[in-house]
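Asks: Before I ask anything, here is the structure I am working with.
The values are calculated or read from the model by the stated rules, or taken from the named source; none is laboratory data. Given the structure is predicted, the values throughout are model-derived calculations rather than measurements. Here the Cβ positions follow ideal geometry from the backbone for every residue, glycine too, while neighbour counts run over all protein chains shown. Side chains included, ligands, DNA and RNA excluded: accessible areas come from the protein's heavy atoms. Shrake-Rupley method; radii C 1.70, N 1.55, O 1.52, S 1.80 Å.
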Amino acid sequence: MLTGASETGRRGGVRHLVTTDGLTREDVFRWMRLAQTLRTLPRGVLAQRLAGRVIATLFYEPSTRTRLSFESAALKLGAHVVGAENAVENSSAKKGETLADVFRIVGAYADAIVVRHHEPYTMVEAASVAPVPIINAGAGWGEHPTQAMLDVYTIWRELGRVEGLHVAVMGDLKYGRTVHSLLNVLRLFPGIRVTLLHPPSLGLPETMAQRLKAEGLQLQEGGPLADVLPRVDVLYQTRIQRERLTSQDELDGASQYRIGPVELALLPAHARILHPLPRVDEIDPAVDDDPRAAYFRQAENGLYMRMAILDDLLGGDGR
Amino acid sequence: MLTGASETGRRGGVRHLVTTDGLTREDVFRWMRLAQTLRTLPRGVLAQRLAGRVIATLFYEPSTRTRLSFESAALKLGAHVVGAENAVENSSAKKGETLADVFRIVGAYADAIVVRHHEPYTMVEAASVAPVPIINAGAGWGEHPTQAMLDVYTIWRELGRVEGLHVAVMGDLKYGRTVHSLLNVLRLFPGIRVTLLHPPSLGLPETMAQRLKAEGLQLQEGGPLADVLPRVDVLYQTRIQRERLTSQDELDGASQYRIGPVELALLPAHARILHPLPRVDEIDPAVDDDPRAAYFRQAENGLYMRMAILDDLLGGDGR
Amino acid sequence: MLTGASETGRRGGVRHLVTTDGLTREDVFRWMRLAQTLRTLPRGVLAQRLAGRVIATLFYEPSTRTRLSFESAALKLGAHVVGAENAVENSSAKKGETLADVFRIVGAYADAIVVRHHEPYTMVEAASVAPVPIINAGAGWGEHPTQAMLDVYTIWRELGRVEGLHVAVMGDLKYGRTVHSLLNVLRLFPGIRVTLLHPPSLGLPETMAQRLKAEGLQLQEGGPLADVLPRVDVLYQTRIQRERLTSQDELDGASQYRIGPVELALLPAHARILHPLPRVDEIDPAVDDDPRAAYFRQAENGLYMRMAILDDLLGGDGR
């Protein structure tokens, strides 16, 4: 059961996943265990879980990777998929329709709606009238809760636990919504220490940092990589969100936060490098074949985590 | 059997639905009854009707809603769907290919083609060479026959009959193709009275009005809403098609034709408000929860009507 | 087994089809025979061959026809399809991601990737790291191997053999990648004679002509149509690739290479006209109903050839 924040809880019996705010550690573990189970099921058994359901994917902000991941997950569970890869251009949004109306109408055809939208608040509000589960697949500079879930799932699979780990998050901590959602989930686990590694202008927003600390997450600014990297369990690298920068000055110092063979050599043998992908030049491809490079496995974990979330919200276990 | 106009009739045994011109009242009732039947069938039985067929959706004029409605309908009947959400940009249309060639070629892969196109006459002509059923999903300022069918179906479901009703059509009667197709179907039913409510510049095209009257439809211009609304059974509201206006002057007086709590209070208790959607501001969301607001149910009826049309044209009953 | 060129061969057990360079006559015949078999199988049997697999279609250069052909083929074999009809606009390509990363990530969700890309070399390189089969669906001015395969298959079906035929290729031999890939496959068959018919500026690139001759293909420049056409078995007509021309001068003389009733009358009774489609004005529609006009049958053959290639590369026969 999703409880806590109204945005994530049941409304008239319908459960959504639009923010990480209302999640509990129990939610996270339930989905991680379900993901583990689903990846072991034979193809034919899997295809029974959501047989005949229709999942709609509405991408107002295009993202081929995330969309294909959700659609593959739905199809492997036996569901049908109807989708819009460029909803903002190709739909009634241009005519002035509200997202709330879209959810009510598409909810008449589909059993769940996966939506990526440029405006974070709009999605939360609109979900409140949706007759079917709404799943946030990324909302502007706001949240990306399924990415956070697959990130935590990857940490758990790779290292065997989440609690007590030292996680360094690196790169664009200002605009990178995946980091924001991830930290909001990590705060649910005891003993997590987070070190922030970023160019001067791209730090975590101050209000977010204050809130996370108030809720018990140990957050600290990092120093030189040579000091930090030898002590981390997880290095979570991110792409500079160039398309969201308001000034080129924000890029100053970004080149120091790339991962290449030198940085790799600083990491402990058991550590793992994660990245939400796509990457541009912030991880050297020479790193790809090192067993600590977990980012392609992370992408595959996304498939199973999204299967788990769809299956749970739609009651794929026969409820 | 579709008979009457050549555009709708059989050609070499292939039946299309490209215009409402050739439809008979028997066609309308057959599809409405079939829609009623299909909505009662269990998921697994439904999925047998068009199992293994391929439906292509080609949208030269984007419309996420209509496309998802057709695709959901096809998938629930067990068909596969291949689609182009932005066919005019992403296809050979840019290279100068004719729609007739597209129909012949896509007809080699698909068992039916659902097409939305900006040019009404083109679709009628091109259908004549198509080896598989062509279904018009909206043609420029022209027709939108499946919308008309779901509108009539909604009237029938909500009020128990179609004949003898008083229907007010409101808003943009000049460019609104859904109104044109709807009136062309309503003329098949005896005793229908239609009242036209519209800004001065957005009335029904004169030649269309003349033709409908000549074919027996009772058409009259409406007066103040306070006089008309208390006497209607159906209030069919439409959006101003701003993207088709040729002058801003055409908007003069449009603000009088909105539905809010005041207008709602004028309607009889049994009356119903329909709207083809999307809406912008012509229906106040405060009206949504009134039982007379039928437009979200209408959207759901669209799913079943499109299932009925696909099923009938493709012989889903085993013929 | 695909052997020969590294681009087409196995890599870690994964077979791709990115170029025709490594193909053998045995590959061609295996696929043609498999296409023949697949077109005779009942729908339900067909749907077992790739049941539960996921095929991704990534079109960085839009092409509705080719995409729908591949997607229909995959769906009829029982596979699921996830796709991007406009990948370059709607994806991480805009953010600077490499195609190699895309293949590794999408390969985590999908069992094969069908890709159309504007940059020929990129695809060959990226395929080398792909964990699943990559199928080239057209690469800029480069290759289009599945088109070549369906062309050869059409010749074989229409005329009963490939070896020893006289094939005239006409139109834009400079930019038309389908011609380049077709000639590269025809060179595998003994006794083929090829006559080139083209505007002065749109001949076959000289290095390509030299290479094909060196590998044993009989290539000759054609003279007046009145001399050439009565002696051909196959007339392969192509569209001028106006979007790739660098100067309007390249169009000089193009109007002589159209096929109308006059040219049709010059062809032997057993000859066949092929065209990769779309056509613009280079074949008069008056020719369409002549039994020698094979281009619409050719489009249908494309469906079965793509089924054969998918089935073979993904082991649809149960291997």
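Asks: Roughly how large is the A-C contact in terms of buried accessible area, totalled over both chains, probe 1.4 Å, nearest 100 Å²? Kindly include the intermediate steps, with their values, before the conclusion.
Replies: Values: alone 13240 and 13270 Å², together 24180 Å².
That pair hides around 2300 Å² of surface in total.
Asks: List the GluC sites (Glu not before Pro) in segment C:193-280 that DSSP assigns to loop (not H, G, I, E or B) and whose Cβ has at most 15 other Cβ atoms within 10 Å. Which are they?
Replies: Details: sites: C:Glu206, C:Glu215, C:Glu221, C:Glu243, C:Glu250, C:Glu263; in loops: C:Glu215.
Taking segment C:193-280 and a limit of 15 other Cβ atoms within 10 Å, the loop GluC sites (Glu not before Pro) found are C:Glu215.
Asks: What is the diffusion coefficient of the protein assembly as shown in µm²/s, taking the Kirkwood radius over Cα pairs and the Stokes-Einstein relation at 4 °C with a viscosity of 1.567 mPa s? Walk me through the numbers before you get to the answer.
Replies: Working: Rh = 30.1 Å.
Answer, rounded: 43 µm²/s.
Asks: Taking Cα pairs under 8 Å and at least six residues apart, what relative contact order does chain C come out at, in percent? Don't jump to the answer; show the numbers that get you there.
Replies: Working: 618 pairs, mean separation 57.8, N = 319.
Reported as a whole number, the value is 18 percent.
Asks: Further, regarding this structure: Just to be sure I understand the curve: with the Debye formula and one point per C-alpha of segment B:41-166, what is log10 I(q)/I(0) at q = 0.09, 0.13 Å⁻¹?
Replies: -0.29, -0.58
Asks: Could you state how much accessible area C:Lys213 has, in square angstrom rounded to the nearest 10, with a 1.4 Å probe and all protein chains kept in place?
Replies: Number for this one is 100 Å².
Asks: Of all the accessible heavy-atom surface of segment A:63-173, with the other protein chains kept in place and a 1.4 Å probe, what percent is carbon and sulfur? The partial results should precede the final answer.
Replies: Numbers: 1300 of 2620 Å².
Summing carbon and sulfur atoms, their accessible area is 50 percent of the total for segment A:63-173.
Asks: Quick one: how many Å² of B:Leu46 are accessible to a 1.4 Å probe, rounded to 10?
Replies: 20 Å²
Asks: Give me a comma-separated list of calculated 3J(HN,Hα) values for segment A:166-177, in order, Karplus coefficients 6.51, -1.76, 1.60 applied at θ = phi - 60°, integers in Hz, x for any Gly or Pro.
Replies: 9, 10, 9, 10, 9, x, 8, 8, 7, 9, x, 5
Asks: Heads up, I need the accessible area for C:Arg49: 1.4 angstrom probe, whole protein in place, Å², nearest 10.
Replies: Its heavy atoms expose roughly 60 Å² to the probe.
Asks: Residues in segment B:231-251 near a label at B:Arg292, defined as backbone nitrogen under 12 Å from the 7 Å Cα→Cβ point?
Replies: B:231-236
Asks: In the protein assembly as shown, what percentage of the DSSP-assigned beta bridges are antiparallel, given to the nearest 5?
Replies: Rounded to the nearest five, the antiparallel share is 5 percent.
Asks: Using a label point 7 angstrom from Cα along Cα-to-C-beta, what distances in nm, from shortest up, separate C:Lys95 from the other copies?
Replies: Counterpart label points of C:Lys95 in the remaining copies fall at 3.2, 3.2 nm.
Asks: Placing +1 on the Cβ of each Lys and Arg and -1 on the Cβ of each Asp and Glu in segment C:146-298, which of C:Thr146, C:Pro276, C:Val194 has its Cα farthest towards the positive end of the resulting dipole?
Replies: So the residue furthest toward the plus end is C:Thr146.
Asks: What residues does segment A:67-83 have that are buried by at least 30 Å² of accessible area in the full protein assembly compared to the chain on its own, 1.4 angstrom probe?
Replies: With the partner chains in place, segment A:67-83 has these residues losing at least 30 Å²: A:Leu68, A:Ser72, A:Leu75, A:Lys76, A:His80, A:Val82, A:Gly83.
Asks: So what is the accessible area of segment B:146-298 per residue, in Å², with the probe set to 1.4 Å?
Replies: Working: 5810 Å² over 153 residues.
On a per-residue basis, segment B:146-298 sits at 38 Å².
Asks: Return the whole-Å distance between the Cα centroid of segment B:186-205 and the Cα centroid of segment C:32-47.
Replies: The two parts, judged by their Cα centres, are 53 Å apart.
Asks: Name the residues of segment C:286-313, by number, that are at least 50 Å² less accessible with every protein chain in place than in the isolated chain; the surface is that of heavy atoms, probe 1.4 Å, without ligands or nucleic acids.
Replies: Residues losing area: C:Phe296.
Asks: State to the nearest 20 debye the size of the charge dipole of segment B:146-298 about its Cα centre, where the only charges are +1 on K and R beta carbons and -1 on D and E beta carbons. Numbers along the way, then the final one.
Replies: Numbers: 17 positive and 20 negative charges, 108 e Å.
Once rounded to the nearest 20, the dipole reads 520 debye.
Asks: Which cross-chain or sequence-distant (5 or more) residues have an amide H under 5 Å from the amide H of C:Val82, H modelled 1.01 Å from N in plane?
Replies: Those lying under 5 Å, H to H, from C:Val82 are C:Ile55, C:Ala56, C:Thr57.
Asks: OK, next. Sort out for me the Cα centre separation of segment C:96-164 from segment A:129-144, rounded to whole Å.
Replies: Cα centres, segment C:96-164 to segment A:129-144: 35 Å.
Asks: Let me ask something else. Relative contact order (percent) for segment B:146-298, with alpha-carbon contacts under 8 angstrom and 6 or more residues of separation?
Replies: Relative contact order comes out at 26 percent.
Asks: If I take R0 = 60 Å and measure r between the Cβ atoms of C:Thr207 and B:Thr37 in this structure, what FRET efficiency does the formula 1/(1 + (r/R0)^6) give, to the nearest 0.05? Please report the intermediate quantities before stating the final value.
Replies: Details: r = 65 Å, r/R0 = 1.08.
Calculated transfer efficiency: 0.40.
Asks: Tell me what chain A gives for mean residue ellipticity at 222 nm when only DSSP H runs of n ≥ 4 count, each as -39,500 (n - 2.57), the sum divided by the residue total, rounded to 500 deg cm²/dmol. Don't jump to the answer; show the numbers that get you there.
Replies: On the way: 11 runs with 110 residues, N = 319.
That calculation yields -10000 deg cm²/dmol at 222 nm.
Asks: Provide a whole-number value for the mean count of partner chain Cβ atoms within 10 Å of the Cβ atoms in peptide C:101-114.
Replies: Values: counts 11, 5, 0, 6, 12, 6, 3, 11, 14, 4, 1, 0, 0, 0.
Partner-chain Cβ atoms within 10 Å, mean over residues of C:101-114: 5.
Asks: Roughly what % antiparallel, to the nearest 5, for the DSSP beta bridges in chain C? Intermediate results must be reported in sequence, preceding the final value.
Replies: Working: 2 of 35 bridges.
Expressed as a percentage, antiparallel bridges in chain C total about 5.
Asks: Right, here's the next one. Rounded to the nearest 20 debye, what is the charge dipole size of chain A about its Cα centre when +1 sits on each Lys and Arg Cβ and -1 on each Asp and Glu Cβ? Spell out each step's value before the answer.
Replies: On the way: 36 positive and 38 negative charges, 220 e Å.
Dipole size: approximately 1060 debye.
Asks: Given charges of +1 on the Cβ of Lys and Arg and -1 on the Cβ of Asp and Glu, with all other atoms neutral, how large is the dipole of the protein assembly as shown about its Cα centre, in debye to the nearest 20?
Replies: Numbers: 108 positive and 114 negative charges, 615 e Å.
Roughly 2960 debye, rounded to the nearest 20.
Asks: Another question about this same structure. Can you pull the percent of Cα pairs in chain C with separation above 39 Å? Please report the intermediate quantities before stating the final value.
Replies: Details: 5399 of 50721 pairs.
Of all Cα-Cα distances in chain C, 11 percent exceed 39 Å.
Asks: If each Cα of segment C:146-298 is one equal point scatterer, what is log10 of I(q)/I(0) from the Debye formula at q = 0.08, 0.14, 0.21 Å⁻¹?
Replies: At q = 0.08, 0.14, 0.21 Å⁻¹ the computed log10 ratios are -0.19, -0.62, -1.53.
Asks: Using a 1.4 Å probe and counting only protein heavy atoms, arrange B:Ser72, B:Ser255 so the residue with the most accessible area comes first. Please list the in-between numbers first.
Replies: Working: B:Ser72 0, B:Ser255 80 Å².
Largest accessible area first, the list is B:Ser255, B:Ser72.
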